[in-house]
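Below is one structure, written out as structure tokens; the observations come after it.
The values are calculated or read from the model by the stated rules, or taken from the named source; none is laboratory data. Predicted model, so just to flag it, every value in this text is computed and none were measured. Every residue, glycine as well, gets a Cβ built from its backbone with ideal geometry; the counts of neighbours run over all protein chains shown. All accessible areas refer to the heavy atoms of the entire protein, side chains included, with ligands and DNA or RNA removed. Shrake-Rupley method; radii C 1.70, N 1.55, O 1.52, S 1.80 Å.
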Amino acid sequence: MKAAKKLPVGIEDFEEIRTEDFYYVDKTGFIRELLYNHGKVNLFTRPRRFGKSLTMDMLRYFFSYGCDPALFDGLAIAQETELCEKYMGKFPVISITLKDVDARCFENARAALGTVIGNEALRFRFLLDSDRLSEEEKTRYRNLITIDRSGRQEFAMSEESLRGSLLLLSRLLFAHYGQKAILLIDEYDVPLDKAQHSDYYDEMVDLIRNLLGRALKTNNSIQFAVLTGCLRIAKESIFTGLNNLKAFSITNTRFDEYFGFSDQEVKNMLSYYGLEERYGLIKEWYDGYCFGKSDVYCPWDVINYVDLLQFEPDAKPKAFWINSSGNAVLRAFLQKMTMKTRRELERLVNGECVARKINEDLTYRELYDSLDNLWSVLFTTGYLTSRGEAENGCRLLSIPNQEIRRIFEEQIFTWFQEEARKDTPKLDAFCNAFREGDVAVIEHQFNSWLKQTISIRDTGVRKDKKEHFYHGILLGLLSHREDWDMDSNAESGEGFSDILMEIPEEEIGIVIEVKYAEDGSLENGCRKALAQIKEKNYVDRLLQDGMTTILNYGIACHKKSCRVQVENGK
């Protein structure tokens, strides 16, 4: 029996996927749509990890001189015989990715950008022997590929040479081949993102504006250009005077099905690997994004989870996306929240929609300026997705799926704990109240904090999930006392208690059981919690550890209210 194809986790090389027996979801129909609908300059913006880089590499292999047609055998584009005859392997292609142009200062970032372009220029060393180039042109080409060996093997082109490097390279290739070049620039906006965080944004904007402006504006040496990025940066900041730009964002219907996996593509993958029973779970966790009019899954997540299931058949879904994408925007959003925004965020976490105007033409300098801008960034970067249009030009926004909801919840927990820890005396008093059995202080302060955070009210959420929310908040608050031994979901007696705490020097043991009162009866919730502590003998471990004073706490919560009861546990 033939072994199943490997899953291309983190592989963005189209040739490697097609020749090394990896599973490939056919997106070559993108080539056909591009050739029929492209502009001179085409910008595709999508969140990270939705297949932009692999798509760009696919274009590189298709259009480049020397293309191996076998790479596309059996794929959708191979059915377009006229297009293949006219375009496959018929162009010089300049292909760069700027995703690694990351540095703490402008000088190093400029050097990194020069290295990226210099390495690409090195692929065309035959230009030095071309009888179609003048000596002056060859000298200018040498400036692109000269390496400064006194430093870190960086390319030694001047800043002025760097600004005109893509324009020059395209002109040299046109002169040599007599055929216009295709220019591919992946993750064009990453250097701007990094620059904004490291305080050299103005210098990088000026450099990128010149680099792209010269290469893309009235450059008769290129057939067309394709750029990808996360954000559609405002024209006046980067694409000044570039009137030949066609931007295809996540709100456009054109090309909407070519980034991300469709429902049928996921079903086909699961069928291939014999994992059809996981369909519902994968849909709940990784589906829910709306690009144009297409409903899509995040391919990074689906591939990683299906790969995990090959070795761990019982593995639960994980938040793979969080490990590949920073959460700075979400943290900034939480820090700027107003009371109105908290209520809106609460609705989102509870599975509802909020109506917001979206601005897709921001600059990186503006991203963190206001809550309105941050709403737009959360949408364009994949934390939120569109569920249709509302009145006054607003979009109905929601959290796409369980994975992103989990990210929201984790960041909310972190934000809440950071806010609570700003008032150390109040947090000390709260923790000490558990040691002293002071129910009034515990209730008062916990109720106060609950009114400040984001609660789970969604009737579609299971009761145990709601309890987990309050349990997590309480655990985070009590973790302030680093000198106390604390265990969550600890095995003791005949089950697992929510929280066990020991204060060794005072021989005090504390058991906490949290209940969610579905009917709003907090008194009944407390009684049920205390009864469970007794029935399951949760105090056993504390007694075995030598605790002589035992306090059992039953805590019941409903929306933004709590009730606390305490009993002697011995």
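For region 11-97, the carbon plus sulfur part of the accessible surface works out to 43%, probe radius 1.4 Å.
Relative to the longest principal axis of the Cα atoms of the chain, the long axis of helix 106-122 lies at roughly 50 degrees. Shape analysis of region 432-570 based on the Cα gyration tensor places the equivalent ellipsoid semi-axes at 24, 16, 13 Å, largest first. Heavy atoms of the protein chains alone define the surface here; on that basis the chain has 44 Å² accessible area per residue at 1.4 Å probe size. Computed over region 511-570, the alpha-carbon pair-distance distribution with 10 angstrom bins reads 26, 48, 21, 5, each value a whole percent. Once the convex hull of all Cα atoms in region 199-346 is built, its volume per residue stands at 196 Å³.
Listed by chain and number, the aspartates and glutamates placed with their C-alpha closer than 15 angstrom to that of Lys318 are Glu284, Asp287, Asp301, Asp307, Glu403, Glu409, Glu410; residues fewer than eight positions away on the same chain are left out. Candidate cross-link partners of Lys528 among the lysines, defined by an alpha-carbon separation under 19 Å and a same-chain spacing of 8 or more, comprise Lys463, Lys465, Lys466, Lys515, Lys536, Lys559, Lys570. Between the C-alpha center of region 511-570 and that of region 359-405 there is a gap of 41 Å. In this rough spin-label picture, where each label sits 7 Å from Cα along the Cβ direction, the Asn244-Val9 distance is 4.4 nm. Angle, helix 135-145 long axis vs. longest principal axis of the chain, Cα atoms, 0 to 90°, nearest 10? The two axes meet at around 10 degrees. Using the Cβ-Cβ distance between Asp199 and Ala319 with R0 set to 30 Å, the FRET efficiency from 1/(1 + (r/R0)^6) comes to roughly 0.45. By the compact-protein rule of thumb, 2.2 N^0.38 Å, the alpha-carbon radius of gyration of region 1-142 corresponds to a ratio of 1.25.
If you wrap the chain in the convex hull of its Cα atoms and look at it from every side, the mean projected area works out to 32.2 nm².
How far is helix 424-436 tilted off the main Cα axis of the chain, in degrees rounded to 10, range 0 to 90? Computed tilt is about 40 degrees. Plainly put, region 119-242 has a radius of gyration that is 0.98 times its Kirkwood radius, both from alpha-carbon atoms, as the Rg/Rh ratio. The phi-based Karplus calculation (6.51 cos²θ - 1.76 cosθ + 1.60; θ = phi - 60°) puts the 3J(HN,Hα) values of region 3-16 at 5, 5, 4, 6, 9, x, 5, x, 9, 10, 8, 4, 4, 4 Hz, whole numbers, x for Gly and Pro.
Multiplying the residue separation of Ser370 and Gln335 by 0.36 nm and removing their Cα-Cα distance gives an extension gain of 11.5 nm. Dividing the summed helix terms, -39500 (n - 2.57) for each DSSP H run of n ≥ 4, by the number of residues in the chain produces a 222 nm estimate of -13000 deg cm²/dmol to the nearest 500. With N the number of residues in region 349-482, Rg(Cα) / (2.2 N^0.38 Å) evaluates to 1.29. Counting Cα-Cα pairs of region 189-245 in 10 Å increments starting at 0 gives whole-percent bin shares of 21, 55, 21, 3. Just the C-alpha atoms of region 397-440: what Rg/Rh do they give, with Rh taken as the Kirkwood radius? With Rh from the inverse mean 1/r over Cα pairs, Rg/Rh is 1.24. Semi-axis lengths, largest first, of the ellipsoid equivalent to region 6-78 are 20, 16, 11 Å, with √(5λ) applied to each eigenvalue of the Cα gyration tensor.
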